[in-house]
Structures are given as structure tokens and as C-alpha cells.
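*Asks:* Quick one: the structure is below, and I'll ask about it shortly.
The values are calculated or read from the model by the stated rules, or taken from the named source; none is laboratory data. It should be emphasised that the depicted structure is a prediction, and the values quoted were computed from it without experimental measurement. With ideal geometry, Cβ positions are generated from the backbone for all residues, glycine too; neighbour counts draw on all protein chains shown. Each accessible area value is taken on the protein alone, full model and side chains, heavy atoms only, with ligands, DNA and RNA left out. Shrake-Rupley method; radii C 1.70, N 1.55, O 1.52, S 1.80 Å.
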Amino acid sequence: MTVVQIIHRSLQDLLLMKPQVFHDSRGFFFETYNERELAGLGIHYRFVQDNYSRSRKNVLRGLHYQIRQPQGKLVRVVSGEVFDVAVDLRRSSPTFGKWTGHTLSAENKHVLWVPPGFAHGFLVLSEWAEFEYKATDFYAPEHERTILWNDADLAIEWPLSAPPELSEKDARGPAFREAEVYSEPLLAPRPVAAVLDPPVQRSGSSPSSIPSPAVTTATRCRVCEHPIEPFMSFGQQPIAQVVVNPEESRAHFTYELKPALCASCGLFQLVDVPRPEILFNDTYPFFTGTSQLMTSHFRGWAEELLARVRGVRDPFIVEIGSNDGTLLSAVAERRVRHLGIEPAKSVAEAARQKGVTTLEAFFGQETAQRIRREQGPADIIVAANVIAHISSVADVAAGIATLLKDDGVFTFEAVSLADVIRNTEFDQLYDEHVFTFSVRAVCNLFQRVGLELVDVTREATHGGSLRYVLTRQGRLPVADTVAAALEEERHLGLEDAKTYQAFAQRCAEIRDGLRELLEKLHKQGHPVIGYGATAKSTTVLNYCGVDSRLVEFIADNTPMKQGKLTPGSHIPIRPPQAFAERNHEYTLLLAWNHRAEIERKEAAYRQRGGKWILYIPTVAVV
Ligand code: JHZ
Ligand code: ZN
């Protein structure tokens, strides 16, 4: 069973999958079960029993579960249509007591994985429905339990047109409140190595090589532990920067992109995040040096940093997330002692080619202690677009405090929450951006490790960034910029839940507007080309449902991306020459943050009447 799409992960561990179906004139074919594919999705169970049932319209079977020998079920409909419901009965689960309902039909061929620890049931919507499932344990009538299908606390919204037809046992089931539930966590079986071995070994992000659990879900703020709840969802999203090989299976891993704001410390964060090893590895394709603007931006910053350490004996500059060495190469050229820390091999190699000393590692307290022990404390620690990428940010802050010299400076840049909200830059949200910082959240975070924000300045890069400067408490006077930035955030309503509801509303408007425009151009026969296979574009394309029908290809100057497909939307990525040769009229500018540079490079396109489609802050053709 090649899973082409994971449609839903509404409850913890539950998966709604769409298998790849092959159609031809004879009919269709698809795999209904494949042990290796499921193992790749973290389902390592052995299935021991298959069941098959037929039921007439309005029959409701369930809600059933086995309190001992709990069964995981892989369910699907062979003929007709049902409304299928699962209820999480695992007390230790963040979605305990929640239900989810999905339409399964012979037509949509969706397959639902209901893990052990859930009650399960379905209502037949068609004249007849035939239902088939595989179970991970044997039927054990002595352990079988029922929960009342219309329990008031669960409040399941069954799409009923008349009272359902029930078995006697199901009609008398106990209420959820009185029902026995699973009080201890149920241990999932450990992956079997042989099952996990994909047929062709390749590094990177094949779903088969993703260790389980691939996603962590935060129910509390990652810094202050105050409970958090998402305020919206962008739906299931693939890994933003995993460009797909066209010849590879189109199966891919997804997680739900849903942001939340911590009402206590003001930290804006994603609720679900994939494991960092899935993102930052030897196939990581973002190279800072692909942009002239970013290259000169980092050169300028490096000059400032070098000026700061002028007069210091044997200064030591450390960069966290040094990428392809764009910033540190200027430091290396001056023969100043430095160290880049970068876990992604692809870019770390490129940095070494530039003469930048690079340690391939994730940064945290442990790495910091090791560096301090072996090379001494740092005069400057610098980080660009990386602190917001690390979910264990508290450990990173502690590491910075460990590594920094007493009078050292920690400076970093990150996309600004104020700009993201003000300009509805929803595409800044994707897996790597675990956090989007406000000045307030930065103050709160670093205060915990004795660091003080002494200056903050605006940078135009990446659609609006802030550059922060921090020292140990009381080392430098605090510039007026800090109070001014905090005041601006209050004025914008960054602490107010209503601000985020309005943001969600504007995102939906952009999504609908962009889709409408692309559909219209498609109907009129205008080809649309994309520009910049950015990480941001993954959110835009998947959230707005844009694929190669609406955007023919995307031009990008990163060799590692060319010839590949965009994640989820599977749009081919081609070199910029393909753009110049296409002779088209409309281009969706996905790298909108590089607009000036791209317009300069593609001046000929404009001269022959080419137009750019923008979607931030609103949909516009310019
Ligand atoms: P660009 C990445 O985001 C990921 P992305 C990361 N998480 C982050 O925070 C920021 O960067 C810093 C191409 N291009 O910079 C190159 C052209 O083709 O918006 C890139 O693929 N021609 C670390 O990916 C893409 O566009 C050009 O002339 O959203 C730009 O990606 C230029 C200038 C770029 O970052
Ligand atoms: Zn918090």
C-alpha cells in the first residue's frame, strides 16, 4: 500500500491515509496493506485477524473496544459509504476523550489507522456498506466493552437522518464517564529492523527511514510550560524543504501545521513539530549564498562583528546554524578564530569549501560545554534564522549562556512576529519555524539564563526581521530601541487573542483569492510559472491546494532543487533559464522577499509584458 497522502492526524497517533490507486481501461488496482509502508509511518504492529461485515443503511455499529488485548484496526470500506468514528480512550494522550469522524467509502478508498486504545464504530450512509478491517489482536469477547454511541459528554455528531439501527448491546452501552478506559500508556511495539529497511537505502527523508515518533506535540509552552492551544490550522503539511525525486514513490510524511500563542510568556509556536533530524540532514537544500542580497547582508554584519572584537586578544566568534558559511567566510578571510556549528551535512560541506571551520552538530548545553572546554569562551555568538528553528530553545539559551565570555555579546536575527502578523506573512510558518519571536518573548526567554536584551534593530531581510543584541545582565546600557519595540508590539495587539483570529481570517481570504485567480488564469489558458522554490512556498502551495495543474513549474537557482518536485504539491523545479525561455505572461512570486533582486535579474520578462502575482499582504497582480 503506497500511501500518497496522510490526510488527517486529528487525534494523537490516528492516521487517515489515501493509498495510491492505479486506474486503466480494465479498472483499478491498489495495495490494501503493506507492512513496510506502514512501518515507515510508525505503525509497527503485527496484524493477526481480518474481519468483513455487511450492514444496511442507518445501521450503527459501535462504539467498541477491548479493555485487555486492545486492538489496533486498519479499516476501509469495500462497497458503499460509512461515517467512521474513533474515540481516544488513553488517559495519557493529549487527545483523551476526543472523537473524530471520517467518511470512508468505496469511492474515496481511504484507509484509517485506529491505534490500540481507541473505541471505534461506524454509521452506514449508503443503502448497503461492506466494511473490512485488519486487527492487531484477536477478538476477546470477555474483554470487549461498549460506550454509548450518543453519550452526552462525547457529543459525537453522527450525520443521522433517523434513529440508527443498533444491536441490543450497543443500545445499552455505558456512558463515557462510567466507561473503563486505558489508564496506563499503551506501549507501541518497537520497530523491527528488517521491517524498517527500505528496499533501496537512501539517506534523508524517505518515509521508511523516519524514526518514530516523527512528530512531537506540545500541549504546553516550550519555554514557560503554560498550557497552549492552536488558534488555527493550515492542515497537513509535508516537510518544507524535502524536495522530492520525480522517480521516487510519492509517499511522504506530513504533520499538522497549527500555531499557538503562549498567553503567559508571549511565545508564538507551532504545536506539532517533526524531529529535527528529519529536516536538517545531508539533503537539506537551503543555501544562504543563493541570494546576492543575503550574501552582502551577511558580509556587512560580519564587518560589524569584527569591529566589535577589534583590540581583543585572540577573539573567538561562534556561529550557530552557520549554513554554507556565508557569514563566517568573511571572518575566516581575516584569520579570526571562529567556529560554525551546523547539523546539515549538505551546507556544512559547502562552508568548509569556503575555509570555514565547521562542527557538524546540533547546538545545546552539551555542545556548548564541549566547545568551551576545548576552545574557551566566545567573544561573540551569532545566529541568523536558526534560534527560532530549535524546539529545545531553552536548552539553546542555556548553551549560549554557558559558552559566552563574561563581557561577550550574543546577537541573532529572526523573522519578526509583528511583521508576520501585520503583513499576513502566513507562509513564514512551516516546520522549521517552530517559533516566530516577538521582542517580548525574546526578553522572557533569555532572562531565564541571565541574558539581557540591550538593543534591537529592524532588518528588511526575509520579509521583516529583527536583529537582537544580548549581554549578561547589566553589562551594557539598554538602548531605547527595546522599549520602543515592546511598545509597538503592544500597540499591534500581539498579546491579544483577537489579533490572531483576525490573522486566521485574512489567511483564509488570501487562500481563496489566490486559488480563484489561478483557476481563472488556468481556464483562460494562461500558463503560470512560479519563482523561488522557497521553504515558505510549501505552506502556500499546500494550504491553498495549488499543484502542477495551476503552476506549470517553479524556477529556482539552487542546483540541489533543480530537477526535483516541490513537497506535497509535486510541481517540477527548473533552472531560471527555463523561466526566461517559457514566454509566458504570469509568474507567481514565491520568493517575494527577494523581489527587488529577482525583478532586476528578470528585467527582460517585465519588458515583454510579464506580470508578477503577489499574495502578501494581499493577492495582487503587478
Ligand atoms: P528564501 C529558508 O527559507 C529556510 P526560504 C530557513 N528556515 C529560513 O529561515 C530562511 O531561509 C532564512 C531561490 N532564488 O531565501 C533560491 C532564485 O531562484 O526566500 C531559494 O531556493 N533566484 C533557513 O526557502 C529561494 O529562491 C533568486 O534570484 O523561504 C529563496 O528562498 C533568488 C534571490 C532566490 O528562503
Ligand atoms: Zn510561554
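*Asks:* Which strands (runs of 3 or more DSSP E) sit wholly inside the stretch 1-97 and have at least 2 residues that are buried (at least 16 other Cβ atoms within 10 Å of the Cβ)?
*Replies:* Per the criteria, 3-8, 15-19, 60-66, 73-79, 81-88.
So that you can scan it fast, the table gives a plain yes or no per residue for (1) surrounded by fewer than 22 Cβ atoms within 10 Å (Cβ to Cβ); (2) touching a Cys at 6+ places or on another chain (Cβ under 6 Å); (3) touching a residue at least 24 places away in the same chain (Cβ under 8 Å):
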site	(1), (2), (3)
Thr558	yes, no, yes
Gln562	yes, no, no
Thr566	no, no, yes
Pro572	yes, no, yes
Ala580	yes, no, yes
Tyr605	no, no, yes
Lys611	yes, no, yes
Pro617	yes, no, yes
Val622	yes, no, no
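*Asks:* Further question on the same structure: Pull out all pairs, ordered by first then second residue, where Cβ-Cβ is under 6 Å, the residues are six or more apart or on different chains, the first lies in the stretch 151-172 and is touching a residue at least 12 places away in the same chain (Cβ under 8 Å) and among the hydrophobic types (A, V, I, L, M, F, W, C), and the second is outside any helix (DSSP H, G or I) and open to solvent by 80 Å² or more (accessible area, probe 1.4 Å).
*Replies:* Correct list of pairs: empty, since none qualify.
*Asks:* Hey, Met294 hits all of (1) hydrophobic (A, V, I, L, M, F, W, C); (2) within 16 Å of ligand 1 (Cβ to nearest atom); (3) surrounded by fewer than 21 Cβ atoms within 10 Å (Cβ to Cβ) but one; which does it fall short on?
*Replies:* (3)
*Asks:* Please specify each residue of the stretch 447-475 satisfying the condition of being out of contact with any strand residue (DSSP E or B) (no Cβ under 8 Å at 6 or more places or on another chain) and among the aliphatic types (A, V, I, L, M). Reasoning before the result, please.
*Replies:* If we filter the stretch 447-475 for residues that are out of contact with any strand residue (DSSP E or B) (no Cβ under 8 Å at 6 or more places or on another chain), which is where we start, we get 447-449, 460.
Of everything in the stretch 447-475, those that are out of contact with any strand residue (DSSP E or B) (no Cβ under 8 Å at 6 or more places or on another chain) and among the aliphatic types (A, V, I, L, M) turn out to be Val449, Ala460.
*Asks:* Among the residues in the stretch 249-264, are any surrounded by fewer than 21 Cβ atoms within 10 Å (Cβ to Cβ), within 16 Å of ligand 2 (Cβ to nearest atom) and of a type in the set (Ser, Thr, Tyr)?
*Replies:* Yes, because at least one residue in the stretch 249-264 is surrounded by fewer than 21 Cβ atoms within 10 Å (Cβ to Cβ), within 16 Å of ligand 2 (Cβ to nearest atom) and of a type in the set (Ser, Thr, Tyr).
*Asks:* Are there any pairs with C-beta distances below 9 angstrom linking a residue in the stretch 440-465 that is charged (D, E, K, R) to a residue that is part of a strand (DSSP E or B) and open to solvent by 10 Å² or more (accessible area, probe 1.4 Å), with the two at least 6 apart or on different chains, and if so which?
*Replies:* The qualifying pairs are Glu452/Arg472; Asp455/Arg467; Asp455/Val469; Arg458/Leu466; Arg458/Arg467; Glu459/Leu466; Glu459/Arg467.
*Asks:* Another question, then. Asp88 fails exactly one of the following numbered conditions: (1) modelled with pLDDT under 95; (2) under 20 Å from Leu187 (Cα atoms); (3) of a type in the set (Asp, Glu). What is the number of that condition?
*Replies:* The failed condition is (1).
*Asks:* Pick from the stretch 265-287 the residues that are touching a strand residue (DSSP E or B) at 6+ places or on another chain (Cβ under 8 Å) and among the aliphatic types (A, V, I, L, M): which of them is nearest to ligand 2 (Cβ to nearest atom)?
*Replies:* Restricting attention to the stretch 265-287, the residues satisfying the condition of being touching a strand residue (DSSP E or B) at 6+ places or on another chain (Cβ under 8 Å) are 267-275.
Retained after the next criterion (residues that are among the aliphatic types (A, V, I, L, M)): 267, 270-271, 273.
Numbers: Leu267: 5, Leu270: 14, Val271: 13, Val273: 15 Å.
Residue satisfying both the conditions and the ranking: Leu267.
*Asks:* For the stretch 166-185, check the following and say yes or no: at least one residue is exposed (fewer than 13 other Cβ atoms within 10 Å of the Cβ), closer than 25 Å to Gly42 by Cβ, touching a Gly at 6+ places or on another chain (Cβ under 9 Å) and of a type outside the set (D, E, K, R).
*Replies:* Yes, because at least one residue in the stretch 166-185 is exposed (fewer than 13 other Cβ atoms within 10 Å of the Cβ), closer than 25 Å to Gly42 by Cβ, touching a Gly at 6+ places or on another chain (Cβ under 9 Å) and of a type outside the set (D, E, K, R).
*Asks:* Select from the stretch 327-370 the residues that are within 20 Å of Arg308 (Cβ to Cβ) and assigned to a helix (DSSP H, G or I) and write down the one among them that is most open to solvent (accessible area, probe 1.4 Å).
*Replies:* If we take residues in the stretch 327-370 being within 20 Å of Arg308 (Cβ to Cβ) and assigned to a helix (DSSP H, G or I), then Glu333 is most open to solvent (accessible area, probe 1.4 Å).
*Asks:* Let me ask something else. Tell me the residue from Ala441, Ala460, Ala533 that is in contact with a Cys (Cβ under 7 Å, 6 or more places away or on another chain) and under 26 Å from Phe286 (Cβ atoms), please.
*Replies:* On the way: Ala460 fails: in contact with a Cys (Cβ under 7 Å, 6 or more places away or on another chain); Ala533 fails: in contact with a Cys (Cβ under 7 Å, 6 or more places away or on another chain).
Exactly one residue qualifies, and that residue is Ala441.
*Asks:* When you go through Val540, Val528 one by one, which is the residue that is β-branched (Val, Ile, Thr), farther than 19 Å from Thr290 by Cα, modelled with pLDDT of 95 or more and within 14 Å of ligand 1 (Cβ to nearest atom)? Talk me through it step by step, then tell me what you get.
*Replies:* Working: Val528 fails: within 14 Å of ligand 1 (Cβ to nearest atom).
Every option except Val540 fails the conditions.
*Asks:* Within the stretch 35-55, track down each residue that is under 19 Å from Thr136 (Cβ atoms) and modelled with pLDDT of 90 or more.
*Replies:* Taking the stretch 35-55 as the starting set, the residues that turn out to be under 19 Å from Thr136 (Cβ atoms) are 35-53.
Once the filter is applied, which keeps residues that are under 19 Å from Thr136 (Cβ atoms) and modelled with pLDDT of 90 or more, the stretch 35-55 yields Phe47, Val48, Gln49, Asp50, Asn51, Tyr52, Ser53.
*Asks:* What about Gln428, is it without any contact (Cβ under 8 Å) to a residue 12 or more places away in the chain and over 26 Å from Ala307 (Cβ atoms)?
*Replies:* Numbers: without any contact (Cβ under 8 Å) to a residue 12 or more places away in the chain: no; over 26 Å from Ala307 (Cβ atoms): yes.
No; evaluated as a whole, the condition is false for this residue.
*Asks:* Sticking with this structure for a sec: Six or more apart or on different chains, Cβ atoms under 7 Å: show the pairs whose first residue is in the stretch 31-48 and touching a residue at least 60 places away in the same chain (Cβ under 8 Å) and whose second is hydroxyl-bearing (Ser, Thr, Tyr) and open to solvent by 40 Å² or more (accessible area, probe 1.4 Å).
*Replies:* Gly42/Ser212
*Asks:* Still on this model: Evaluate the stretch 500-510: report whether one residue or more is at pLDDT 95 or above, assigned to a helix (DSSP H, G or I), of a type in the set (Phe, Trp, Tyr) and within 16 Å of ligand 2 (Cβ to nearest atom).
*Replies:* Step one: of the stretch 500-510, the residues at pLDDT 95 or above are 500-510.
Okay, now just the ones that are also assigned to a helix (DSSP H, G or I), so 500-510.
When the remaining residues are screened for being of a type in the set (Phe, Trp, Tyr), the result is 500, 503.
The next check asks that each one be within 16 Å of ligand 2 (Cβ to nearest atom); those that pass are 500.
The answer is yes; a qualifying residue exists.
*Asks:* Hand me the list of helices (runs of 4 or more DSSP H) wholly inside the stretch 371-468 holding 2 or more residues that are open to solvent by 40 Å² or more (accessible area, probe 1.4 Å) and within 16 Å of ligand 2 (Cβ to nearest atom).
*Replies:* Values: elements: 393-403, 417-422, 439-447.
So the answer is 393-403, 439-447.
*Asks:* Can I ask one more? Please identify the pairs in which a residue from the stretch 314-325 that is more than 13 Å from Val347 (Cα to Cα) has its Cβ atom under 7 Å from the Cβ atom of a residue that is surrounded by fewer than 23 Cβ atoms within 10 Å (Cβ to Cβ) and not aliphatic (A, V, I, L, M), counting only partners at least 6 apart or on another chain.
*Replies:* What qualifies is Asp314/Arg337; Pro315/Arg337; Pro315/Asp379; Phe316/Arg337; Phe316/Gln375; Phe316/Gly376; Phe316/Asp379; Ile317/Asp379.
*Asks:* Can you tell me which of (1) surrounded by fewer than 17 Cβ atoms within 10 Å (Cβ to Cβ); (2) closer than 28 Å to Ala307 by Cα is the one Glu487 doesn't meet?
*Replies:* All conditions are met except number (2).
*Asks:* Would you pick out the residues in the stretch 519-542 that are surrounded by fewer than 23 Cβ atoms within 10 Å (Cβ to Cβ) and of a type outside the set (Asp, Glu)?
*Replies:* Of the stretch 519-542, the ones surrounded by fewer than 23 Cβ atoms within 10 Å (Cβ to Cβ) are 519-529, 535.
Within the stretch 519-542, Lys520, Leu521, His522, Lys523, Gln524, Gly525, His526, Pro527, Val528, Ile529, Ala535 qualify.
Residue-by-condition table, conditions (1) modelled with pLDDT of 95 or more; (2) within 13 Å of ligand 1 (Cβ to nearest atom); (3) in a strand (DSSP E or B):
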| residue | (1), (2), (3) |
| --- | --- |
| Ala260 | yes, no, yes |
| Cys265 | yes, no, no |
| Gln269 | yes, no, yes |
| Ile278 | no, no, no |
| Thr283 | no, no, no |
| Phe298 | yes, yes, no |
| Trp301 | yes, no, no |
| Leu305 | yes, no, no |
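*Asks:* Output the residue which, of all residues in the stretch 124-146 that are under 16 Å from Tyr65 (Cα atoms) and within 35 Å of the chain's Cα centre (by Cα), is least open to solvent (accessible area, probe 1.4 Å). Walk me through it before giving the result.
*Replies:* Filtering the stretch 124-146 for residues under 16 Å from Tyr65 (Cα atoms) gives 133-146.
Now restrict to residues that are within 35 Å of the chain's Cα centre (by Cα): 133-137.
Values: Tyr133: 52, Lys134: 44, Ala135: 0, Thr136: 22, Asp137: 40 Å².
Taking the candidates together, the pick is Ala135.
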